[in-house]
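What follows is a short report on a single structure.
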Amino acid sequence: MTDSVTPGGLLAGIKEARLVAIVRGTGGGAAAKAAIAAMEEGFRFVEIALTTPGAFDAIREVRTAAPEGCFVGGGTVLTAEDVEKVARAGGQFMVTPALAASIAESARLGIPVLAGALTPSEAYEAMNRGATAVKLFPASIGGPGYLKALRDPFPGIPFIPVGGVGLDEAAGYWETGAIAVGLGGPLFGNAGSGGDLAPMRERARAFVDLAAAFGRRSAGAAAADAR
């Protein structure tokens, strides 16, 4: 079982991995299997949406089975009660779709929270409430260009675009300054609802390889600039 993680530790890990997986399905058992499969293919951070029936049991199962260095969180966490239930199930971080009571409660308890926001005012307010990072959602509304517009006045806010991000879009967000991207349907397809895991595993490997390649290019460019 992987240990708990601090907000700073989660942020550093997500920056390194550049990927967060989002499981939303029709049953906790299938969601847990999909989450564990993603971890086995190299994903380190996986959230299970509370809209999934049996989500708390799924979080508990994934926490027990997670490979070393992998972390499971709760998604669509809205209330203080949700935070308590996710933490009791073993969830190590929280994710919200909006400015919800769960942000301040997570911060109060020292639990990392990726807070959902779309507008400049929402992003600013999310950080004021104690967010570890801002989940830019739904990112597909504006794409990387909108992320750039947000980062111009808020260069210090760590943004994680979520919503409509696939293999063809991920690098554009990284290049615009996103610390990571959140992947739901483009990664899992129907795996979280009992669908075939094999295609999902292939997609997971492709995303992990893409993130690694981007990291190598970024490191090479930084080294060249330093010379």
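One table, with the values for the structure above:
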| item | result |
| --- | --- |
| Order by protection proxy (mean Cβ within 10 Å, highest first), peptides 201-208, 29-36 | 29-36, 201-208 |
| Hull volume in cubic angstrom per residue (convex hull over the Cα atoms of segment 7-226) | 109 |
| Gyration tensor verdict on segment 91-204 (Cα atoms; rounded if a/c is under 1.5, prolate if a/b is larger than b/c, oblate otherwise) | oblate |
| All-pairs Cα distance distribution in segment 139-181, expressed in whole percent, bin size 10 Å | 33, 60, 7 |
| Most to least packed among 96-104, 71-79 [average Cβ atoms within 10 Å] | 71-79, 96-104 |
| The chain, relative contact order in percent, only Cα pairs under 8 angstrom and at least six apart counted | 21 |
| Value of [θ]222 nm, deg cm²/dmol, for the chain, DSSP H segments ≥ 4, -39500 (n - 2.57) each, nearest 500 | -15500 deg cm²/dmol |
| Exposure proxy ranking, count of Cβ atoms within 10 Å, fewest first, for D82, D57 | D57, D82 |
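Read the figures in this text as sums done on the coordinates, not as results from a lab. Remember, predicted model here, so these are calculated numbers, not experimental data. Neighbour counts run over all protein chains shown; Cβ positions are idealised from the backbone, glycine included.
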